[in-house]
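What follows is a single structure, written as structure tokens, with notes after it.
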Amino acid sequence: MKIHEYQAKEILRRYNIPVQAGEVAANPAEVRAIAEKYGRAVVVKAQVHAGGRGKAGGVKFSKTPQAAEENATKILGMDIKGSTVHKVLVTDAADIAKEFYLGIILDRASKTLTIMGSAEGGVEIEEVAKDTPEKIIKVQADPFLGLGDFQARELAFGMGIANEKVNGFVTIAKELYRAYCDNDAEILEINPLVITEQGEWLALDAKMVYEDNAISVRHKEAEDLRDLGEEQPAEDEARRAGLSYVKLDGNIGCVVNGAGLAMATMDSLKLYGGEPANFLDIGGGAKSDRVTAAMRIILSDPNVKAILFNIFGGITRGDDVARGIISGLKEVQTEVPIVIRLVGTNSEEGRRILEEADLKSAETLMEAAQKVVAVAKERA
Ligand code: GDP
Ligand code: MN
């Protein structure tokens, strides 16, 4: 889950990483009031989850409260990469001497947290990685020892940081690492991390992504940081219904219990020339309401031409799923054809319920996959 810059900066503050004073506002008058209170030049910054706000015109230096208000009028309501700006952050303007990049990601290849630094700050790091990868310095933290001072210094020297600024940088890098681990982040990035004309380190921008699986257990407090306006309504509904759902670009909706079975189902569709519209795991013990939610979510995607249910009854009972499909169909009222493969616990009972409701079921996954690909093609 992504959070906004102002929220990520709040976390950085807790780790004593230097951040400009700032306040969030939702209308130009509030922005003006904040700028008047500060009594200095401010920067008005769009709070959306998309990056590259500066390039899109969503970050504006404002010398006077009047200018801040005018800039806020321009930025609020603006569309940045599909997100509408509803809030802006008004911060103290900094005088930048030098911009750097500092970020932490989980590198699955090396199975470590990788800390990356670059003297090419302020530019999107993906571009630097593509054009001049040698300008990104990387160190890998030992999972047991954490980020060592020597590693942070190695970054600093590689980034060309002046000797007298290295200690300050080491502290920031180590605190960023601590913030990353404490909060179960997936990405935590400062871009740009600057040295001001006054010679101080300052995190001018912050980006943070929480590891989704950590939120429901270890970081319930992060729920308050969620911005529903930035999330797909279908994904939000799936999360609330306890379903694991990922939208894809194909036209065959899949309702499956178990992540492994969901992967196998998608592979089977591909094998017969079909394209899955989603990955969806309704989990074990799926009851009618979850099945109904799954159908609602899948049918909210206009690309879906056919739906495949692939249920392996273990804890999940076939008759429950069959009833769920029938009650779901009553609620969502769709013309989209459905193919159902039901095996395992109470599957005979489930198939009988389906037959009574005139719904077709298949015996094997291969048969079901072929059937659903054929009907999706007919309707494409
Ligand atoms: P992004 O474009 O979404 O990454 O937004 P940033 O917060 O990184 O801002 C984009 C750029 O605006 C930065 O790289 C800076 O060059 C500039 N900027 C942001 N805040 C300030 C500031 O306080 N003072 C000055 N002079 N420039 C700023
Ligand atoms: Mn930035």
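Quick look at the numbers
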| item | result |
| --- | --- |
| Evaluation of LEU113 against (1) within 21 Å of the chain's Cα centre (by Cα); (2) within 10 Å of ligand 1 (Cβ to nearest atom); (3) in contact (Cβ under 8 Å) with a residue 60 or more places away in the chain (one fails), failing number | (2) |
| Residue among ILE195, ILE215, ILE190 that is buried (at least 23 other Cβ atoms within 10 Å of the Cβ), touching a residue at least 40 places away in the same chain (Cβ under 8 Å) and touching a helix residue (DSSP H, G or I) at 6+ places or on another chain (Cβ under 9 Å) | ILE190 |
| Failed criterion for ALA67 (all others in (1) more than 16 Å from ligand 2 (Cβ to nearest atom); (2) assigned to a strand (DSSP E or B); (3) among the hydrophobic types (A, V, I, L, M, F, W, C) hold) | (2) |
| Residue in region 89-102 that is within 24 Å of the chain's Cα centre (by Cα), surrounded by 16 or more Cβ atoms within 10 Å (Cβ to Cβ) and among the aromatic types (Phe, Trp, Tyr) present | yes |
| Candidate set from region 243-296 (those that are more than 22 Å from the chain's Cα centre (by Cα) and of a type in the set (S, T, N, Q)); member that is farthest from GLY314 (Cα to Cα) | ASN251 |
| Sole exception among (1) open to solvent by less than 30 Å² (accessible area, probe 1.4 Å); (2) within 16 Å of ligand 2 (Cβ to nearest atom) for GLU126, by number | (1) |
| Enumeration of residues in region 268-323 that are at negative phi, part of a loop (DSSP other than H, G, I, E, B) and small (Gly, Ala, Ser) | GLY274, ALA277, GLY284, ALA286, SER300, GLY314 |
| Any pair with Cβ under 6 angstrom, 6 or more apart, that starts in region 349-373 at a residue that is more than 12 Å from ILE325 (Cα to Cα) and assigned to a helix (DSSP H, G or I) and ends at one that is β-branched (Val, Ile, Thr) and open to solvent by less than 70 Å² (accessible area, probe 1.4 Å) | ALA368/VAL339; LYS371/VAL339; VAL372/ILE252; VAL372/VAL339 |
| Filter pass, GLY57 being under 30 Å from TYR177 (Cα atoms) and within 16 Å of ligand 2 (Cβ to nearest atom) | no |
| Output for region 336-348, where each listed residue is part of a strand (DSSP E or B) and among the aliphatic types (A, V, I, L, M) | ILE338, VAL339, ILE340, LEU342, VAL343 |
| Hits in region 336-365 (condition: closer than 12 Å to LEU308 by Cβ and either open to solvent by 40 Å² or more (accessible area, probe 1.4 Å) or touching a Leu at 6+ places or on another chain (Cβ under 8 Å) (or both)) | VAL336, ILE338, VAL339, ILE340, ARG341, LEU342, LYS360, SER361 |
| Condition met for GLN140 (more than 14 Å from ligand 1 (Cβ to nearest atom) and under 28 Å from GLN198 (Cα atoms)) | no |
| Test: residue in region 4-27 that is within 12 Å of ligand 1 (Cβ to nearest atom), in contact (Cβ under 8 Å) with a residue 60 or more places away in the chain, among the aromatic types (Phe, Trp, Tyr) and buried (at least 21 other Cβ atoms within 10 Å of the Cβ) | no |
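The values are calculated or read from the model by the stated rules, or taken from the named source; none is laboratory data. This one's a predicted model, so the numbers in the text were calculated from it and none came from an experiment. Here Cβ is always computed from backbone atoms with ideal geometry, including for glycine, and neighbour counts include all displayed protein chains. Heavy atoms of the whole protein, side chains included, go into the accessibility calculation; ligands, DNA and RNA do not. Shrake-Rupley method; radii C 1.70, N 1.55, O 1.52, S 1.80 Å.
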